[in-house]
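Novice: Please find one structure pasted underneath; my questions will follow.
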Amino acid sequence: MKKWLKYLLLGLLALIIVGFLIFFIWTQQTYGPSEEMTRLVEEPLQKDGWVVHEPSEKSKVGVILYPGAKVEAEAYSFLAQQLASEGYVTGIPNMTLNLPILNSNKAREMMERYPKVEDWYVGGHSLGGVAAASFVKDHPDETAGLILLASYPTEGSSFANLETPILSIYAEKDGLTTETKIEETEPLLSSDAMLYEIKGGNHAQFGMYGAQKGDLAAEIPAKRQQEIIVITIHEWIQN
């Protein structure tokens with residue numbers, strides 16, 4: 001092998017390694033649970049890579065929510081706790097490299113752990129919702145509906161010609177998943193889709209992890225936004 005070619009290959013290998021290290025470090029710079037959420041959650045449970053909250057009585061209905069990109073599962077513990085108090089087995093998974101798009105089939109783990117749950121609603125926040133949409137689209141017989149929190153399907157997982165129940169909750173002050181983006185992607189939703197806007201809410205308060213770069217300031221407290229999300233999900237499932 002010629003020397004110049006050898007040096008070129010070594011240089012390319014070094015660039016790949018450096019690029020991967022930079023990417024890995026970036027994925028580890030996550031948003032963790034806020035102090036407020038830690039005070040509100042009675043018992044954030046980690047079970048083999050999942051934050052799980054169970055209702056006081058056995059339930060045949062479950063909710064799985066994928067976290068947003070680079071957001072820790074624990075940041076959604078209050079949301080999971082409140083959904084469990086409404087009677088739903090609720091799980092939030094940890095994701096490979098904190099990127100839900102790498103684990104779109106993660107919901108299956110929870111389903112296998114709770115075989116007595118008959119109806120599973122799978123959803124997610126932001127990029128987590130994109131991954132959840134892909135899972136629901138590919139597993140229509142195993143899921144009862146899709147929950148989008150400041151999120152939307154991609155064209156590759158469009159529900160436009162389907163009747164899949166979809167709940168899309170978005171926020172007025174969301175600086176990342178804007179109202180314009182929600183309007184643009186509405187044609188990708190099914191004929192059985194319900195959209196709900198949280199007045200004064202923002203992107204980060206779909207979890208409880210503090211402020212997020214690029215987001216707008218919310219006009220309502222994080223706890224209030226979380227309560228609205230829970231009420232909206234509960235009423236949608238019941239109806």
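Novice: Output ³J(HN,Hα) for segment 183-197: one whole-Hz value per residue in order, computed from phi by the Karplus curve 6.51 cos²θ - 1.76 cosθ + 1.60 with θ = phi - 60°, and x for Gly and Pro.
Specialist: Per residue, the Karplus-derived 3J(HN,Hα) values read 5, 5, 9, 4, x, 7, 7, 7, 6, 10, 10, 10, 10, 9, 9 Hz.
Novice: Can you list residues whose amide H is under 5 Å from residue 66's amide H, if they're 5+ apart or on another chain and H is modeled 1.01 Å from N?
Specialist: Distant-sequence amide H within range of residue 66: 123, 124, 125.
Novice: Further question on the same structure: Packing-wise, with mean Cβ within 10 Å as the measure, how do 225-234, 137-146 rank, highest first? Can you show the working numbers first?
Specialist: On the way: 225-234: 19.9, 137-146: 16.1.
The densest-packed peptide leads the list: 225-234, 137-146.
Novice: Sticking with this structure for a sec: In degrees from 0 to 90, rounded to the nearest 10, what is the angle of the helix 127-138 Cα long axis to the longest principal axis of the chain?
Specialist: Taking the Cα atoms of the chain, the angle to 127-138 is about 80 degrees.
Novice: Among 115, 136, 167, which residue has its Cα furthest toward the positive end of the charge dipole of segment 103-239, with +1 on Lys/Arg Cβ and -1 on Asp/Glu Cβ?
Specialist: Checking the options against the dipole of segment 103-239, the answer is 115.
Novice: For helix 3-27, report the angle its Cα long axis makes with the longest principal axis of the Cα atoms of the chain; keep it between 0 and 90° and round to the nearest 10°.
Specialist: Value to nearest ten degrees: 20.
Novice: Restricting to Cα pairs below 8 Å that are 6+ residues apart, what does the relative contact order work out to for the chain? Please round to a whole percent. Kindly include the intermediate steps, with their values, before the conclusion.
Specialist: Numbers: 489 pairs, mean separation 38.4, N = 239.
In percent, rounded to a whole number, it is 16.
Novice: What residues have an amide H closer than 5 Å to that of residue 31, excluding those fewer than 5 places away on the same chain, when H is modeled at 1.01 Å from N in the peptide plane?
Specialist: 71, 72
Novice: Under the Karplus relation 6.51 cos²θ - 1.76 cosθ + 1.60, θ = phi - 60°, what is the ordered set of whole-Hz ³J(HN,Hα) values for segment 207-215, x standing for Gly and Pro?
Specialist: x, 9, 9, x, 6, 10, 4, x, 7
Novice: What does DSSP give for the chain in terms of the percent of beta bridges that are antiparallel, rounded to the nearest 5? Before the final figure, lay out the partial values.
Specialist: Details: 5 of 30 bridges.
About 15 percent, rounded to the nearest 5.
Novice: May I pose another question? Could you provide, to the nearest whole Å², the per residue accessible area of the chain with probe 1.4 Å?
Specialist: Ligands and nucleic acids excluded, the result is 51 Å² per residue.
Novice: Let me ask something additional. Using DSSP to call loops (not H, G, I, E or B), can you name the trypsin sites (Lys or Arg not before Pro) in segment 195-239 whose Cβ has at most 14 other Cβ atoms within 10 angstrom?
Specialist: Here the sparse-neighbourhood loop sites are 199, 213.
Novice: Applying the Karplus parametrisation 6.51 cos²θ - 1.76 cosθ + 1.60 with θ = phi - 60° to the phi angles of segment 222-231, what ³J(HN,Hα) value in whole Hz is obtained for each residue in order, glycine and proline being reported as x?
Specialist: Each residue's phi maps through the Karplus curve to give 4, 4, 5, 5, 4, 5, 5, 4, 5, 4 Hz.
Novice: Carbon and sulfur together cover what percent of the accessible area of segment 91-219 at a 1.4 Å probe radius? The partial results should precede the final answer.
Specialist: Working: 2550 of 5650 Å².
Carbon with sulfur: 45 percent of the solvent-accessible area.
The values are calculated or read from the model by the stated rules, or taken from the named source; none is laboratory data. Keep in mind it's a predicted model, so treat the numbers as computed, not measured. Virtual Cβ from ideal backbone geometry, glycine too; neighbours counted across all protein chains shown. Ligands, DNA and RNA are stripped out before the accessible areas are found, and what is left, the full protein with its side chains, is counted by its heavy atoms. Shrake-Rupley method; radii C 1.70, N 1.55, O 1.52, S 1.80 Å.
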